[in-house]
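Structure, as structure tokens:
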Amino acid sequence: MADRDRVRIELFEDQHRLWVGEATLPLEIGRQEESGRPPLELQADRQPVRLVIAPLVARQVPRRAVRVEAVDTAAGRLQVANVHSRIAVTIAGRDEPLGPGESFVTDSAVRIGFPEQREVWIGGLDNTADLKATSGSTSSLLGAPRDARFQTIDLTLDGPAAAPAKLRQLIDGDQDDQRGRAVVDLVRAALTVVRCAAGSDLFFEAAVKAAAEMIDLDRVLALLLADGEWTVRASYHGEPGTPPGGGEAVYSRHLLDCVLDAKGTVIYDPNVLNTPSGSSLATIERAVAAPIFDETGTRVIGALYGDRRWGGPSAAEPIGELEAALLDVLAGAVSSGIARQREEHRRVSLTQFFSPRVAERLSEDQRLLIGQDAEVTVLFCDIRGFSGVAERVGPERTIEWINDVLTELSECVLRHDGVLVDYVGDELMAMWGAPGEQPDHADRACRAAAEMLSRVPVLKQRWQDVTPDGFGCGIGINTGTARVGNTGSRIKFKYGPLGTVVNVASRVQGVTKQAGVPAIVTRSTARTLPPGFEVRRIAKVQLVGIREPFDLFELSPDPAEKWRVMRDAYEHALGAFESGDLSEAASLLAALVHEHPDDYPSLILLGRVVKGLTDRDSGRDSVWRLTSK
């Protein structure tokens, strides 16, 4: 083998081959990264080289799953390592899965099984025979043993190089085996376009190449239509990859107009159609164009266009209906590729806001995104200490830190099927209860809040050099009716709620800082608390900008008995204060502050009681009236 640091890769999903290629080592395999390149694309411009085998929505596949390196270049030996911290992968021929952090060395082709029915086969370039023998065996990681009575037909184009079949061979062939072979080759080429449609933009290049070679066209263009203008997406003229523009990009607008009018494939033959004066068809002997449709199959969004030029080897050959039909099939494959790209883009966009489960439902029924009134639970989470970190370590490290923190907290939201509504500086906003029905939306929000709070100590440890004094977060939660839908614009999508329920949740989050507790919920949320959660009523609070006061409760997931005793004593003192028994409240709170000097709500309530005792003329106010957010 010429390059022993290169490997051949084949990717399968549910036993269907999706991608074949070669890569240099070291190689990393995993899921699409946030805002990263799409699946089935080899990222050779980074180290290590990266192969994305699954879209962002396939959360069961790790972003970084497996790393392959050359350990003995002379012998062609590979080291395969599981680089994920929790998930094991299946290796063909090994009794036990390859656990997190484990690795092994092999000098033959290897098959690696991933979640969601994905399988990657890897072999050195000089081990292609081994790989082929493996792929033709009678067992698979993805399913039961194959029945030996059935023969597997390989319709891919990665076998020995041969001259591509042409439609003329099928029409003119005088022997059944020749015509049969031509049919198989034509199907192979068409399948190449269809399979490429499962991945990146390769289906454009595959389509123009297949059309040029099979129909004997001098040049083929894939064109897309937007705002009445045609642009060249891919071209093939003798050699693939001819850049758009210049003479090579000249095409007949008249023929394309005919395709738009007919919404079907149109053949130009000078003996049938008149050439308009000054038309670009004047330099063309024959031409054909087939429409590319949108996902509805009703609107033309592009065309697959091919022609034969004056003086070309096949210029005099008419383009028949069978050749036009083949171009139409290839254009249909391009339509499918564009539709799949747009669907994947929609899914990736949705997963920026919604959990995979909710995103899947929205993909199936986009009507759920239409504005509607719904009972929802809204959560605001603010990161404490952001300004201090920014001043101490500068913008670059601050952005790294806040991105990591918000990512961890956002994943808590998504794990409980919440909607990531927005980020504002160092604050996160999330919602439950829409777009789909979630009868337990308050339960989910509180569980997400508890998980967020549990992640803070881990994040503190991880960023100890950036935040030596530590940091925290304040969470406010409120439940109520809101108008939910696209609260952004036609330019930038933002799905979320509007209404008082949002303003109250935001103000409640602000109270966490003034009350000195990490999480506060309103009564509307507290009355539907899930098992394992307990609350302490802090006070009846007049929030800034909100007319009616709210009973606010400290949220305590899985509290200790000491906290319960403190909670009961505090609520007893609060009741005495609100009923006007200030002496009883002062006595209870003095003992409580002595036993729990770090309990800030007790200190605040004691201050209000003392003020009531020393300023009886002004009257006692049982509502805690805030003057700032």
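Bear in mind that the values in this text are calculations on the coordinates, not laboratory data. Keep in mind that this is a model prediction, so the values were computed, not measured. Here Cβ is always computed from backbone atoms with ideal geometry, including for glycine, and neighbour counts include all displayed protein chains.
Could you compute the FRET efficiency for Trp563 and Val593, with r as their C-beta to C-beta distance and R0 at 25 Å, rounded to 0.05? Please report the intermediate quantities before stating the final value.
Numbers: r = 16 Å, r/R0 = 0.62.
Computed FRET efficiency for Trp563 and Val593 comes out at 0.95.
Give me the dipole magnitude in Debye, nearest 20, for the range 364-545 about the Cα centre, with unit charges on the beta carbon: positive for Lys and Arg, negative for Asp and Glu. Each step should come with its number before you reach the end.
Working: 21 positive and 22 negative charges, 127 e Å.
About 620 debye.
Taking the centroid of alpha carbons for each part, the range 404-461 and the range 537-589 are 26 Å apart. Loop-located GluC sites (Glu not before Pro) in the range 530-573 (DSSP state other than H, G, I, E, B) with a sparse environment of at most 14 neighbouring Cβ atoms within 10 Å are absent. Spin-label model, Glu229/Asp440: points 7 Å from Cα along the beta carbon direction are separated by 5.3 nm. Average 1/r across all pairs of distinct alpha carbons in the range 560-629, invert it, and you get the Kirkwood radius: 12.5 Å.
Among Phe553, Phe386, which comes first, second and so on when ranked by fewest other beta-carbon atoms within 10 Å? Present the calculation step by step, with values, prior to reporting the outcome.
On the way: Phe553 24, Phe386 18.
With the sparsest Cβ surroundings first, the list reads Phe386, Phe553.
Share of pairwise Cα-Cα distances greater than 22 Å in the range 364-545 is 46 percent (whole percent). Say the cut-off is 27 Å between C-alpha atoms; which of Lys460/Lys494; Lys460/Lys562; Lys494/Lys540; Lys263/Lys494 go over it? In this structure, Lys460/Lys494; Lys494/Lys540; Lys263/Lys494 lie more than 27 Å apart at Cα.
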